[in-house]
Structure formats: C-alpha cells, structure tokens
Amino acid sequence: MSTLARLLLDPGGALLAMFQGEPGQHHILHPAGPQASNIEWLYWVIFWIVFVAFVLTILGFARAAARSRTPAHEMVPVIKDTSEADRRSTWAVGSAVLVTVLALFAVLVMSMITGKKVEGLTSKQPITIQVTGHQWWWEVTYPDPQADQTVTTANEIHVPVGKPVVILTNSADVIHSFWPPSINGKRDLIPGIGSAFWIQVDQPGVYHGQCAEFCGLQHAHMGFSIVAEHDDAFQAWKAQQLKPAKEPTDPEAVHGREVFLTHACIMCHTVRGTDAGSRVGPDLTHLASRAMLAAETLPNTRGAMAGWIVDPQRVKPGNQMPPNPLQPDDLQALITYLQTLQ
Amino acid sequence: MAISEPIVIPQTGEQDRLSRTWAEPRGFWGWFTNVHHTAIGVRFMVTSFIFFLLGGVLAALMRLQLARPENNVLGPDAYNQIFTVHGSTMIFLFAVPMMFQGFGVYLVPLVCGTRNIAFPRLNAFSYYIYVVGGGLLWVGLFLKIGADAGWFAYVPLSGPQFTPGKRSDIWAQMITFTEVSALGVAVCIATTILRYRAPGMTLNRMPIILWEKLTIALMVIFAMPAVMVDSSMLLMDRTINTQFFNPSVGGDALLYQHLFWFFGHPEVYIIFLPGTAIISTLVPAFSRRHIFGYLAIVSAVVATGFLGFGVWVHHMFATGIPQISDSFFTAASLMIVVPTATQFYCWMATIWHGRLQLRLPMLWAFGFFFEFLIGGLSGVMLASVPVDWQVHDTFFIVAHFHYVLIGGALFPMFAGLYYWIPKITGRMMNDLLGKVHFWLFLIGFNMTFFTMHFLGLRGMPRRVYTYLPEMHWGTLNAIATAGVAFMTAAVIVFLVNFFQSRKTGELAGPNPWAAGTLEWGTSSPPPPYNFAEIPTVNGREAVWDAEPDQPVVVGVRDDVPEVLVTHSMDSEPQYREELPGHSIWPFLTAIAVSIAFIWSIFSPWGITYGAIPVVITLIGWLWPRGSSPTPRLAERPREATWSR
Amino acid sequence: MRGYIPSVLLAAGLLILAGCKREAREFRPSPPASQVINTVQVSGINPGANPVGAPPAPNYYEESAYAVSQGKTLFQQYNCVGCHANGGGGIGPPLMDNNWIYGAEPGNIYATILQGRPNGMPSFRNRIPEYQVWEIVAYVRSLSGLLPKDVAPSRSDQLYVKPPEQSMPKQTPTGVTGTTETQP
Amino acid sequence: MEPVRERAVLDVSGLPEVMFGRSNTTWLGNVFYMMIEGTMFALLIASYFYYRTRVGSWPPGSSPPTLIWGVINGIVFLLSILPARYAQKVAPTGDRGRIRLALMGLAGFAIVSMILRGFELANLNVGWQESAYGSIVWSILGLHTGHLITEFIETVVILCVAFTDKMEGSRLADVAINSDYWYFVVITAVLSDFVIYGATRLL
C-alpha cells in the first residue's frame, strides 16, 4: 500500500504511526510472510469494493432525501398512485441487486482463491513445531524421532526465514488461539482436536503474536514471539537449545541452583541437567536465551525477573505461579543462576 | 359467505360493557394478574430498557479499564465477569426482549386489529420468567458469581474443570429462563398473526411488520431450542457429571460451538429483523406513500429467515474445519447480504419517489441506514474466510458486531420508541431533545466503535482486560473510551425527554404521524379492548386504504373477553374465541418454575422435586373456572354475513 | 408499587454485603510474604502428628470453590496422584475413604503434607507455599465428601474413573491420630 | 378526536365459539410447541450421530441397550394411538362418558409405558457419567420420559375435568388437542427407539 492510500484508509493508524511509532511486528496490514501478504491483498480488494458500495448507498439515500424532502411538521397527503414511480424503481432496484450479486460473487471467488493460496503452503520436508496452549503460556517443542534431539522451549518460537513451517496445535486445558498477525491468520488450539497449521516468514525479525480465544483470567497476557532468522542462525540456536543446562561455576550461581532445587521452583519447572524435571510450567533450561518472561509480558532483565519470582500474582493475577517470598540473598543468587541458563 | 342487508351497529352502552369486560385489574395484586398485551408489552420494554442501562454501565466500566495500557480499574476476575454479563445482558436480556418481545407483544395485536394477544396467560408467564432469569444473572454478578466465560461460554473454559463454583450454572439457567420466555412469546405472536388478523387483512395485505414478526417467531421456534439443549448439556456436565464435552471419553468441545452458533447466528437476525421491521414501517409513514417492493421486502425477510440457519459455521472458521465447508459457508454468508441489500434499495426507492418528512423517528432511521451499512459491509469482509482468519476474535469483530447490533437494532429501537411512545403514553416526545440525543449518540457511537476497527487491524484481541504499553493501542483506546461519555449523555437526554413527555408532553391524539397501520386507528393510549369495533381491512396500510366510513365487524360478544379468529391465509372469520381473563396463576407458575430451575443449579433433585409445585400451579392455571358460555356448536348458521 | 422498592433495594444491598464466599477468588495470599520459606530442613521425614498450623478462621480455602479447584489442579500437578492415584490409593493410602491415619482435621493434613510421614510420604516443607498446602488440604478433604457439595469440584476433563468430589457421600472420619498402620 | 363514523359490514354473531381441528388456535399453539420440542429431539439425535463420528467403535466401551424393553414399549406406544384416536372422535360429541373412557384408556397406556420406560432406563447398559455416548443416550430417553410424564399428567387433569360439568365448549377441543400431543409423543418415542436401539447396533 502506498503511504497516501494508507493515510486515506487508515488515518488513525497513519497518524498514530507518526506520533507513536509503529506497533511492532504485530499488525494485520504489515505482513512479513506470504500468507499474511495474500490476506492483506484480499483485505484491500474487499475493502475497496465495500467502500464503493458504502459511498454509493449513502449518496443514494442523500439524493433520495434531498429530492423528496417536504416540510416535516405539516400535514402531507399520502401519494395515491405510485405506479409510474414503481415501474422506474423496479428497474433501478433490480439492477442494483444485480450489481450487488456480481460484487459478492467477485468477493467469493477472490476469497476462495486466496484461501487456497494461504492453505496451499506446503513442503515435503518442513520444520515441524508442536505448540501446546497452556493457561497462560505456550509450550513449544521441535519434535524429533530421537527423543534427545527434541527441543523444548516456551513462548519464543524460532523459525528459519523463507521456509514453510508446520505447526501442530494442541491444548493442555482450554481453547486457545494461535495468532501471529503479521504472519498468518489464527488457528484455534482445541483440547482433544489436534490440527496442522502452516506458516512461513520471509523477512528476518521478531514478530509478536497473541492468544486470540478467550481462555480465562490471563488471556490478556498470553503472548508469544516468532523469531525468524537465517538458516545457520536457526540451526545454531537449535543446537544450543539441545544442550543441557550449563554447570554454574560462580559460587553465587551455585547457591542459586541450590535455591532453585530446594524451593517451590522445582515443583513445576524443568532445568535439564539437574533434578528439576516437572513439566507443569515452562522449561527453563535455556531461560536466559529468551528475550521475554511470563509469556511476553516482561523483559528478561534481573529486575523484572525478581519482581516476577517474588510476586507473579501482581503482574498476572490468577496465573499458576505462586509468590516466592525468598530471602534477598537467595533471590539474588537464584536470578544469577537463571541468568546463566543461556 | 352470505351477503345480506346492512347491519345496524348497537351503540348504546356498548363501550361501557366492553370497558367492564376488558378492564385491567388495579392495585398491587392486580399488577401480577394483568394479562393484557399492552401492559405486558410495555413491561417487556421497560424491563429490557433497564437491563440496557445496566449493561451500558458495565460497558462504561470496561471502557474505563481499557482507556490506557496496564490500567487498574478492574482486575481480570472482575473484568471477565463484567464483559460476560455485559454481552449476555445486551443479547439475552435487552436486544431480544426489547426488539422481539417488547415491540412484538405491544404492537402485533394492535396491527392485527384484535383485542388481545393469543394465549395471554402464556404471554404474561413469559414476562415473569424473563424477569427472574435476568435477575438471576444480575444478582449473581452482585454476589460475585457473575458468569465469566464470555457470552457464548465456550467449553471447556465454562465447563466443570475450569470454572469452579456456580458461575457457569447461573449463566446456563439464565439462558433457559430467557429462552423459555422468548419461545412462549414466539408461540403467542405467531398464533396471533396467523389467526387474529382483522377480516380483510389477507396474507397479501399483511403489513411488513407482521411478516417480520412472523418470520422472527418461527426463527425463535427453530433456533432457541438449540441453545437450550446446549446450555442444558453444559449444566448437566457441571452438575450431574455427564460427559458431553469431555474429549477423553468421546465428548467434543466443537459440538458445543456448533449447537451454540446454530442458535447464535439466527439470533443475530432475530435481533436485526425487528429493526428492519421498524424501518419498513417508518419509511412509508414518513415518505407519505406505500412502500415500494412489498413483495421483494417480504421475500427478503423470509429468505433471511431461512438463510440465517445456514451460516453458523462462519463463527468457527478459525477452528480448522475443512476448506470445502469454508467455501460453502462463505457463499451462504455472502448470499445473506442480498436480501438485506434488497431491503435497503427498496427503502431508498420509497424515499426517492415519496414526500419525505424528516421527523424525529425518520432521523433515527437515517442513522440506521448509515451505521448498519458500515456494520453490514464489514460483515461482507468477515464472510471471506481468509480475512476472517485474521480479524476473528479481535477488536475488528467487536467493532463489526456493535455496528450491526447498535446500528441494526438500537438505532431502529430509538426510532421505534420515538414513533410509538406517543401511542403508548398518549404524549409526544420533545423534538429538540430527541435531536440532541441523536447527534450525541451518533458522535459517541462512532468515536467508540469506529476506532475499534483500527485496533483490530493492529492486532488487539477481544476480551483482554488490559494490554501492554508497547503494543501502542493506548491512543485509540482512549478515543474509544471518550466516546462513551457522549453515549452516556445521549441516553440521559433520552430519559429526561421521556419523563418530561410523560408529564408535560403535547397530547398525541390517535394518529400524530398520519400513519397507515392499524394501531393508529384507535386512541392513544389504546383502551383495554384496543378497538371498540373490530375493523375490516382494505389494503396494506389499513388506515390509509380504509373506505371513507370505516367498515367494521359486529357480533363479537362484549360481555366476555372474546376475539375473532380468522383464517390464516384469507383472514375470513372462522369462529369467535373467548380468551382467558386476568389471573394470578401465570405469576405463581413462573415462581414455581423459577424455583425448580434455580434449585437444579444446586442439586440434581431440584428439577424433580421442583416439578411438583410446577404441576400444581399449572393445574391452577388451566383448570376451568366459572360458567363458560353456552357453546353454540351446530345449532346456529356457521357463517359470517357480509354486507356491502 | 413504589412502597416496596426501598425494601427490595435494602434486601439486595444486604445480599451484596453478604457476598458469596464460595465464589471468592484470592490470587495472592495476603500479605504476599505471609511465610518466609527459609527454615532449614533437617531431614525429609518428620514423624509424629503434631499439627503445625491452624487453618485461617474462617477457613477461606474450604469455602471457596476456586481454592478447592486450585487444590485439585495442584494435586495433579505436584504429582500427588503418583502415589495416591485419584484418591483411590496405590503406593500411598487411599484418600477417599473414611480412614484417616493421621487425622482428618485440616491442621492434621496440613502437617502431613509439610512434615511428611513414615513409609514414604515426603515432606513438602519449602517446596509448596503455605497457601497452596491449604488448598490441597481442602481438596483432599473434599475427596471423602467432607466439604459442602457446592464447594467440592465437579468432574474433570479426564477418563471417568470415579465419581467426582461433589458427588462423594459425606463420610465420618475414623482412624486414630498418630497410629501407624501398615500401608500396602 | 371524534372517531370516524363507522359502518358495519360484517356480522360474526352467528359464528361458533368452539372449533375442532386445525382452525382451533390452541391446536396451532400446540403445533408450535411440538415444533420446538421436535427441534430439541432433532438436535439431540444429530448430536448422537456427531458423537458417532468421534470414536472408532459404537457403542464405545459398552454393549448396546437391551432390545426387548424398547421393542415392547414401542409396540405399546403404537397401540396407544387407538384410545387417542377414539378420544379425538368422541370429543366433538360432548359425550362425557365416552370421553372419560377414552382418556382412561390413554392414561392407562401412559402408565404402562412409564413402567416399561423404567425397565428401558435400567437396561441401557451404560451410565450417563461414563462417556459422551452414555450422556446422549440418557438425554434422548430422558427428554422423552419428561414428555411422557407431562402428557400423562395432562391427560389425568383433563380426565378429572371430564368428571365435572365443566367438560364442555373449548374443553372438548382440548381433549382432541391432547390426543394430537400424544401422537407427537408416540412419534418421538419411535424415533428415539430407532436411534437408541437401532443406530447403536447398526452403526
């Protein structure tokens, strides 16, 4: 879309873009993949069709009102004979209905073609990613026939640029909906009904996504991100993710690991290479490699992490993580340890 | 039929006798025994308007919470309850009871030219049961048992595992209450339209509003059972451990969605068609001519009624259903545009070749044309599956359905209220205040909801209680919240106007708009017997087309509440039927049924033991009382006599 | 008509004040730092049956359906089912019968979870926050019908193995506090 | 405002005050309620077949309901059409004795059906809490049992009226309409039987 057209059609968006900056990579009309591009094209085509229909209809009503207006508060007699007017109206209305039908048919054909394009994305040897919705975070695995080659992470999905990726969806509890607006439309994650969903990202970058189906208390804070990178970077990331957690060397980090293993953390989280193996919460083996915490709610910094660990119910009331009133030095040590989990 | 010499109308004392026969009971208990349709219709309107105001307060609270990122007006628990109760209230407790039950119960017998609605006790019962259902939901909200799984309460979120407590149960029983009410009224209205029309009002002369009410009543009859089945399944899953929606043992969460939207999409038309009914009534009245394209509009309405049942899957495009059904439901969803477009063109043609009087109700009708058009056209965008994949469950959808529902139902509702309040109260509304109301509402409405389109495109999902500042949704949300102030002011202006008009409004007289349908053929407000003489009908606009000396029907008894039953098609008189009189039993039955329904939330035995008082009250309701008039079976000539 | 409107409003007001305990949802135990988990655990087992804490009075956790349902979730997530199954017992004793080895009072169960018991029940001190222990306690009591039916959880989206807690008949707890019966 | 001067063109005083058959408004209202309840049955049966598509074997994890009770009750339902039809025939005559006889026959059949229904429910071979299949089967039969009981009570109430002198006029039409409703109960019983006993075995 040209800037002029955007200013015309999305004045609010264009103005905001001037004053506030762009909303990040989270916009239906800022596509970064073939599917979102196709849908954007379709969106604008249909938009123009309905825009013209809108203008014509409103002009029609305005013209009708202007030509037939009579004083509002006087007795106006009822028109007895309308047969001549009706004859002309029949032609006008008939042709208007015909044009409507044709326009709707065009919409139908184009959306079927676009639908085929969007759903037609496929590949013989795709990257497969299993996304499982949880209240209120995303479990992400890259399944592999060899169990020890399976990458498990959370909320941050890495994909190679320009390659079709198949996302197998499922849910552990209620219905969620997987939606990266800049990349593709959404797909519901329904418990008991697995489905496959294809995406492809063409430009490297970090794209935001969010749960789109109401899923309970923290539906608002259930984001994820798609990190699209070149294939070598993606492979390197994957190799790194496959490693178990690094043994801490710094004494503070060693103490932090002790805190992790003797407090509530161990009840829910996994850190591969340690005794912590519970699958209730996100896998933390490579927590420090992720940019965000708490399903894209907080930046992954020491301060935010401390706030999150001590009182997660302030950030996301109702979420499953309990408050952890740790002693200050224990907390600092724990964070130091978690920050080593690259 | 036999044709004989002119008949003499007995004049003396006739209206006194009618007044005595049809007198509405007064006093505290009288209120609970009244079964006349004007009283019940007004109650439906007033009650649903109160629910509209309450739902509006919730909307304002939500907008306050969303006004800026990471706001702290409401927490997630309160927000979820509030948006759920807002949606459920506006759909189940306001839109349908106002647009279908309120206007329908009040107007249909008047437009038909008869003295009361069919099955008046069932009608009264339907009102009480509706009030209890609405009260249940709202008492629940105040007790913090507000339903919190959205107005369509998808399982498994609303199911036994993820919504502990009684929140979903209350929602499910509220559905049962309101649907029992809507179904009861649908039966009353459909029967009235088919059987109580004044002689001469053949199907071909039936005003469009009656066609629409009949279509809607039939849609209610086929659509509402789906949601009752669905919400009952949910309730049983939660209370007696059935497994309808448990995927581990063969249950299926998608079945819930199919059943819900099999009801839910016709529901949209159940709300929207009464709006077009009002518009189709106003447009000829204020264009000073018969409507253009009567047949086209009637066909469009009936076609909408049928097609409305074939589009439900377009609410489920994102669930990953096969593409073949995607295409089918896209085609059906686009097809349903055609009848509505046809209606628009017919209204336009009527105005074009008419003599437009832009009085207050017509101003609101133009508001409808503008706002509903936006909603309808964004609906065209949504019918396209790929676009829907993107904007489904975002604020774009929120914008769309508010344009459709506020544009398609609320604007016509205000048009209808300004049009018929003179009939109901006998006094006119103030023109200037009405215009202030209109412009404030129009500005506020577009501020709030047009911005939501942009929010949706910028990726804001619906039903979020807050959002992060980094998403850059703050400014648009602030504008949307500011619009609420205008709408609030507008509704306050309306209320002021209404109460002022009740006290000091200009007297309306029987027909202030010089309109053509039969309700304007009696005084304002109508007497309890509606019409002193049952009129005959000579055209589609009965008052305009009446012969100069208004031919009427005689021979309907005035010592018992009796109405004339005519043939469904040609409205030839068939027999005279005595209607049941005022009675406390509908109220008592409603109480008994309510006890059973509410009890069943807490114990599976509630419905079993609760059925006993229901049976007792029903026997009280139906047990014949007094001496019924001697039936004239075969002794008398069984024909009506026409004289011309 | 107008005369009784105030009384209706008054009744409604009273109802609101009363609120509904069953539906209360507390996401943060207040104050948030109600318990500082820094005590040193000497051994994994703490024999004996001395209650180590009285439940809050009134016991929010046994009045709120949300808290009990959280307890049910935690019972699964913390793998209590690994030994106790869904209440039927396995490695650990069954929890849905009326036999309470270490007592059926909330305080007794709380102590059992925090201190652990001989013959396999580990101590969860420091591992499970205090408020979550109370939630689990409430849930465990609902397993044998000791909670009101409108508070006890309904069925879960799982295979049907036993009637859900809200359908359990209320049982009279037996079993003497402190006895050590042999476990299967 | 002075009402328009009126001219009487139609005298309806000669019309009857009670009509039997399709012209009766209560008959029409009754038809609408049958549509509502018929839709409920249709949706439940549709759900039954929907559940069928979700599992491999049918019925899942249990044996089909015992055939014998369903067949017997089906036959009883079909036979009960006779007293219902008889009631419809004698209602317009106003002959209270015969109306009583017909209604007593109908109520008798209803009692037998309800007893047999008890055996049917006891021999479904599945609990409603065991699986979605169990839930839907119990719901279909439960909804029908509800109709059966309602219709039985209605018949008994009308029977009581028939023992008083109030059984006249529109009450006679109610007797006929009650029979119409009974036909609906019979039709839905047969349909439910085909689903519960037939589809379970054939699918």
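The values are calculated or read from the model by the stated rules, or taken from the named source; none is laboratory data. For clarity, every value in this text was computed on a predicted model and none was experimentally measured. Cβ: placed from backbone, ideal geometry, glycine included. Neighbour counts: every protein chain shown.
Taking the criterion of being closer than 23 Å to B:Trp623 by Cα, in a loop (DSSP other than H, G, I, E, B), of a type in the set (Asp, Glu) and in contact (Cβ under 8 Å) with a residue 12 or more places away in the chain, would at least one residue in region D:165-182 satisfy it?
Yes, some residue in region D:165-182 is closer than 23 Å to B:Trp623 by Cα, in a loop (DSSP other than H, G, I, E, B), of a type in the set (Asp, Glu) and in contact (Cβ under 8 Å) with a residue 12 or more places away in the chain.
If the requirement is being touching a Lys or Arg at 6+ places or on another chain (Cβ under 6 Å) and in contact (Cβ under 8 Å) with a residue 12 or more places away in the chain, which of these qualifies: B:Arg355, B:Arg359?
After ruling out the rest, the residue left standing is B:Arg355.
Residues to consider are A:Arg257, A:Arg279; find the one that is farther than 22 Å from A:His26 by Cβ, in the same structural domain as A:Leu331 (by TED's automatic domain parsing) and not in a helix (DSSP H, G or I).
None of the others qualify; the one that does is A:Arg279.
Within region A:169-183, is there a residue that is in the same structural domain as A:Asn38 (by TED's automatic domain parsing), aliphatic (A, V, I, L, M) and touching an Asp or Glu at 6+ places or on another chain (Cβ under 8 Å)?
Yes, the conditions are met somewhere in region A:169-183.
Output the number of residues of region A:290-306 satisfying the condition of being out of contact with any strand residue (DSSP E or B) (no Cβ under 8 Å at 6 or more places or on another chain) and assigned to a helix (DSSP H, G or I).
Going through region A:290-306 one residue at a time, the tally reaches 3.
Go through (1) away from chain C (no Cβ under 14 Å); (2) part of a helix (DSSP H, G or I); (3) over 15 Å from the mean Cα position of the chain (by Cα); (4) more than 23 Å from B:Met316 (Cα to Cα) and name the single condition B:Ala226 misses.
(4)
Tell me, which helices (runs of 4 or more DSSP H) wholly within region C:1-105 include 2 or more residues that are at pLDDT below 65 and within 29 Å of B:Ile145 (Cβ to Cβ)?
Answer list for region C:1-105: C:5-18.
Scan region B:21-31 residue by residue and report those that are in a helix (DSSP H, G or I) and within 17 Å of B:Pro580 (Cβ to Cβ).
The answer is B:Thr21, B:Trp22, B:Gly30.
Could you list all residues from region A:115-163 that are within 14 Å of chain B (Cβ to nearest Cβ) and hydroxyl-bearing (Ser, Thr, Tyr)?
A:Thr122
What is the number of the single condition among (1) surrounded by fewer than 16 Cβ atoms within 10 Å (Cβ to Cβ); (2) without any contact (Cβ under 8 Å) to a residue 12 or more places away in the chain; (3) farther than 30 Å from D:Leu172 by Cβ that D:Tyr50 does not meet?
Checking D:Tyr50 against (1) surrounded by fewer than 16 Cβ atoms within 10 Å (Cβ to Cβ); (2) without any contact (Cβ under 8 Å) to a residue 12 or more places away in the chain; (3) farther than 30 Å from D:Leu172 by Cβ, the one that fails is (1).
Determine, yes or no, whether B:Ser594 is among the small types (Gly, Ala, Ser), outside any helix (DSSP H, G or I) and on the phi < 0 side of the Ramachandran plot.
Answer is no for this residue.
When you look at B:Phe411, is it at pLDDT 95 or above and touching a Gly at 6+ places or on another chain (Cβ under 6 Å), yes or no?
Judged against the criteria, B:Phe411 is a match.
For region B:312-321, name all the residues that are at the interface with chain A (Cβ under 10 Å from one of its Cβ atoms) and on the phi < 0 side of the Ramachandran plot.
Matches in region B:312-321: B:Met316, B:Phe317, B:Ala318, B:Thr319, B:Ile321.
Starting from residues that are among the small types (Gly, Ala, Ser) and at the interface with chain A (Cβ under 7 Å from one of its Cβ atoms), keep the ones in region B:333-381 and report whichever is surrounded by the fewest Cβ atoms within 10 Å (Cβ to Cβ).
Looking at residues that are among the small types (Gly, Ala, Ser) and at the interface with chain A (Cβ under 7 Å from one of its Cβ atoms), I get B:Ala341.
State the number of residues belonging to region C:106-133 that are assigned to a loop (DSSP other than H, G, I, E, B) and closer than 22 Å to A:Cys268 by Cα.
10
Keeping to region B:295-329, report how many residues are among the polar types (S, T, N, Q) and closer than 30 Å to B:Lys213 by Cβ.
2
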